[in-house]
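Q: Pasting in a structure now, in structure tokens, and then I'll have a few things to ask.
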Amino acid sequence: MKFRKYLPRPTVLLTIAGFVLLIAASTLTYVVVRPSPADQPVLTLGGAKASGDDQPRGASGYIYQRLAKPDRTEITDSSGHPVAVMTDGARTAHLYGPSRTFEEPEFTDAKIETDMWVRLAPQTWHAGAERELWFTEWLSAARADRSPDVLAIAFEYVAGAPVKRDNQGQQYSGDASFGPPDPNDPEGRAERSDFYDYLGLPWSFADGKAVLPDPSRSLALDCSGYLRMVYGHRLNYPLRGTNTPGEGLPRRAYAMAQFGPGVQLMPNSGQRARGMERLLPGDLVFFNAQPVPSGQIDHSGIYLGVDDGGHHRFISSRSQTDGPTMGDLSGAPLLDGIGYWPDRWLTARRL
């Protein structure tokens, strides 16, 4: 107020006019540089549409980018930090969160450090699902969820893993063996130890098959039985009792790879798979484990990501190591480089 008292009147008028022009210019600049709706990739989660307005509204926004091979939606927040990857035709959701380290020091020096959490969405993803209520509600809860995901559950069955029991005293995790050898199947390629054998419980599947556990295979999981334990019994992905097409994960590795649910990430040409850059942790990987490589699939595992040595590593249940391992005994479980497993990797699938 003291300043205005000694300011000449013409100067006051010029000053006021200057402020008006400044405000007008600022408003004009904002309007000019603000992206038009057609250029703005932000789609807001959780908001309802206003009457007569085709643009979704809400309090929090994410940026959605569509990519191919495989078709998917990559989600980032408004600061550009990655949030999630959702793949068309798959329920597997790759969420970013606190970094974790997985290791199995008894059998390998390799470590897997990752900030990716692998979970199952309640529905398969498709382009535009970010606008649907089921996804907006699920994503909010999933980002805050720190319960065991696919990767953490997979390590609950390696050598030395502690025993966990439910409220009825039923053991549902802990060190798993591969199961006793079958004299009629010395190479160990047939069905052996499924999740219900590990649990010691009879089971009825939605496709009509009913089974009884083999007492000799208690606490044992073969390669595909291990995947069915992790994704099926623990995470409630539908399971089939047979090796036939239909809803749910089939019993054996070849059926999972050939006509299982989800998305095949690269074709099985009968030769070493190509397209490793398409893989994300939690993907199912399939192999021909015969002494002489062929296009036949008879082994399966779970891709873990890149280890601290820069190699693409997977975990699987193997007869040679008597159970699930990411260890290097009887051949390093890698997809890259030269070796037994890289040469026999044929395809991959995202559930």
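The values are calculated or read from the model by the stated rules, or taken from the named source; none is laboratory data. Everything numeric in this text was worked out from a predicted model, so none of it was measured. With ideal geometry, Cβ positions are generated from the backbone for all residues, glycine too; neighbour counts draw on all protein chains shown. The area values use the complete protein model at the heavy-atom level, side chains included, leaving out ligands, DNA and RNA. Shrake-Rupley method; radii C 1.70, N 1.55, O 1.52, S 1.80 Å.
Q: Which order do Ser79, Ser177 take when ranked by solvent-accessible area (1.4 Å probe, heavy atoms of all protein chains), largest first?
A: Ser79, Ser177
Q: Continuing with the same structure: Mind checking the full-extension length gain between Lys69 and Leu201? Use 0.36 nm per residue of separation minus the Cα-Cα distance, one decimal, nm.
A: 43.5 nm
Q: With a 1.4 Å probe and all protein chains in place, put Arg192, Arg350, Arg91 in order of accessible area, largest first.
A: So the residues, ranked largest to smallest area, are Arg91, Arg192, Arg350.
Q: Please sort 209-220, 242-253 by packing, taking for each peptide the average over its residues of neighbouring beta carbons within 10 angstrom, highest first.
A: Result, highest mean first: 242-253, 209-220.
Q: For the range 165-174, what does the Karplus curve 6.51 cos²θ - 1.76 cosθ + 1.60, with θ = phi - 60°, yield as ³J(HN,Hα) per residue in whole Hz, taken in order and with x for Gly and Pro?
A: Values, residue by residue: 10, 7, 5, 8, x, 6, 6, 10, 8, x Hz.
Q: Once phi is turned into θ = phi - 60°, what whole-Hz ³J(HN,Hα) does the Karplus curve with 6.51, -1.76 and 1.60 give for every residue of the range 214-227, x standing for Gly and Pro?
A: Computed from phi, the couplings for the range 214-227 are 8, x, 6, 10, 4, 6, 10, 9, 7, 4, 6, x, 5, 4 Hz.
Q: When only alpha-carbon atoms count, how far does the range 212-351 stretch along each of its three principal axes, as whole angstroms with the largest first?
A: Taking max minus min along each principal axis of the Cα atoms, the range 212-351 gives 41, 30, 30 Å.
Q: Right, next: Keeping all protein chains in position, work out how much accessible area Arg143 exposes to a 1.4 Å probe, and write it in Å² to the nearest 10.
A: 80 Å²
Q: Please report how far the C-alpha centroid of the range 235-258 lies from that of the range 289-351, rounded to the nearest whole angstrom.
A: So the separation of the two Cα centres works out to 20 Å.
Q: Calculate what fraction, in whole %, of the accessible area of the range 135-235 sits on carbon and sulfur atoms when a 1.4 Å probe is rolled over the protein chains.
A: 51 percent
Q: Rank these residues by their accessible area, most exposed first, probe 1.4 Å: Phe102, Phe259, Phe135.
A: From most accessible down to least: Phe259, Phe102, Phe135.
Q: On average, how much accessible surface per residue is there in the range 167-227, in Å², for a 1.4 Å probe, leaving out ligands, DNA and RNA?
A: 48 Å²
Q: OK, next. Could you pull out every residue, at least 5 positions away or on a different chain, whose amide H is within less than 5 Å of the one on Arg251? Hs are placed 1.01 Å off N in the peptide plane, and Pro or chain starts have none.
A: Thr242, Asn243, Thr244
Q: Taking K and R as +1 and D and E as -1, what net charge do the other residues with C-beta under 15 Å from the C-beta of Phe205 add up to?
A: 0
Q: How much length is gained if the chain between Ser147 and Glu106 is pulled fully straight, taking 0.36 nm per residue apart and subtracting their Cα-Cα distance, in nm to one decimal?
A: 12.2 nm
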